[in-house]
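Worksheet for the structure shown next.
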Amino acid sequence: MKTPLRTLLASALLCAPVLTTAAPALTPEQSLDQYARVLIEDDAAAARTLNDALRSDPDSEDALTLPPGAVAKALAEPLMAVQASIGVTPDAAATEEMFAKVLKASACRATGSTIEDNEYVDGQKIATVDFSCKVVDLDSVRPLFIASITSDDPAARRRFIDAYTQALKSGARRTVKGSQKMYSGAEQAYWFTGSFDQLISPVLEALAPFEQWSEDAQAASAPKVTGVPSCDLLLQQHRSCVAKIAPDQISGVDAMAEELKAKAQVQSADEMTQECKALRPIAQMMWTDECA
């Protein structure tokens, strides 16, 4: 059960403007809050407020046109696919409504920002806006998910689906944090960014953590080099591939392992996970079909 997070983000952000001309001016924190309300919580009032700020002149069209319920629909689709695979007829409307409620309750809000000079553009600034979100804690259903992907028994999938939907509806919550860089226009009259991945990803990955859980399950048998599942799995897969296609370059894998091991001594598990996520596509550029 893999939620197409990147596809979702791409489709959402195609509709999102890249700058906010302020009328009245919005601070970096206020701009981020409005985007969170619109993109994640489907807040129509926030869309109106944000569009007022986004218009470059009174006659311009609305700049933000994300279809209502787009994020909830994207999250609902993979769940309904799993339901269909065990003979359950999905209720699209009810499933999308469930995710819409969960997204609305996420309440991603700015918690502060730091502003510094933009060294590349005279007179302009860069704001790093910190934010936090309240997301459903799905740790209790993780074992059921692992059981569902390691067994052909439809009952295992049904147990996972039941527990997952129950957790979404009434489960405990936890806080996830992140930061989003935003850039000022002239005289800080508006703030813009080219992508809101950093804002949306923490919520989507919290509600649909299945890709990460699958990786962690695979990593259970990987040699413990860093102690971080994502990193250890990447090292195991990269070593196996290089041993097949370029054994003379194994020393490069060893160096990579030593570097990640050293970083794991001073960085948090979350920081290491993010670093290895970014490193994976770089390593995969070297992999061939022999590595599959």
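The values are calculated or read from the model by the stated rules, or taken from the named source; none is laboratory data. Note that the coordinates shown come from a computational prediction; the quantities given were computed from them, not determined experimentally. Glycine gets a Cβ as well: all are built from the backbone with ideal geometry, and neighbour counts include every protein chain shown.
Only residues in segment 233-248 that are under 18 Å from K277 (Cβ atoms) count as the first member; pair them with residues that are not hydrophobic (A, V, I, L, M, F, W, C), Cβ under 6 angstrom, at least 6 apart or cross-chain, and list the lot. From residues that are under 18 Å from K277 (Cβ atoms), the pairs are L233/E215; L233/Q218; L234/R280.
With the requirement that a residue be acidic (D, E) and exposed (fewer than 15 other Cβ atoms within 10 Å of the Cβ), what does segment 78-127 give you? Within segment 78-127, D91, E97, E116, D117, E119, D122 meet the criteria. Checking A269, A255 one by one, the residue that is surrounded by 13 or more Cβ atoms within 10 Å (Cβ to Cβ) and either free of Cβ contacts under 8 Å to residues at least 40 places away in the same chain or outside the structural domain of K177 (by TED's automatic domain parsing) (or both) is A269 and no other. Tell me whether segment 146-155 contains one or more residues that are of a type in the set (D, E, K, R) and at pLDDT 90 or above. No, the conditions are met nowhere in segment 146-155.
Criterion applied to A262, A217 was being out of contact with any strand residue (DSSP E or B) (no Cβ under 9 Å at 6 or more places or on another chain), among the aliphatic types (A, V, I, L, M) and touching a residue at least 60 places away in the same chain (Cβ under 8 Å), and the one residue passing it is A217. Put simply, of S151, S140 the only residue that is without any contact (Cβ under 8 Å) to a residue 40 or more places away in the chain, part of a loop (DSSP other than H, G, I, E, B), surrounded by fewer than 17 Cβ atoms within 10 Å (Cβ to Cβ) and hydroxyl-bearing (S, T, Y) is S151.
Residues in segment 209-253 that are acidic (D, E), over 19 Å from the mean Cα position of the chain (by Cα) and closer than 29 Å to A167 by Cβ: D232 only.
For segment 78-92, filtering for residues that are over 24 Å from the mean Cα position of the chain (by Cα), in a helix (DSSP H, G or I) and not polar (S, T, N, Q) leaves 1.
Taking G112 as the residue in question, decide whether it is within 22 Å of the chain's Cα centre (by Cα) and outside any helix (DSSP H, G or I). Judged against the criteria, G112 is a match. The residues listed here are L199, L204; of these, the one that is under 28 Å from D91 (Cβ atoms), assigned by TED's automatic domain parsing to the domain that holds A74 and out of contact with any His (no Cβ under 8 Å at 6 or more places or on another chain) is L204. Does any residue of segment 214-232 turn out to be at pLDDT 90 or above, farther than 18 Å from R280 by Cβ, in a helix (DSSP H, G or I) and not hydroxyl-bearing (S, T, Y)? Within segment 214-232, not a single residue is at pLDDT 90 or above, farther than 18 Å from R280 by Cβ, in a helix (DSSP H, G or I) and not hydroxyl-bearing (S, T, Y).
With respect to the conditions (1) within 30 Å of R37 (Cβ to Cβ); (2) in contact (Cβ under 8 Å) with a residue 24 or more places away in the chain; (3) within 17 Å of the chain's Cα centre (by Cα), A167 falls short on a single one, namely (3).
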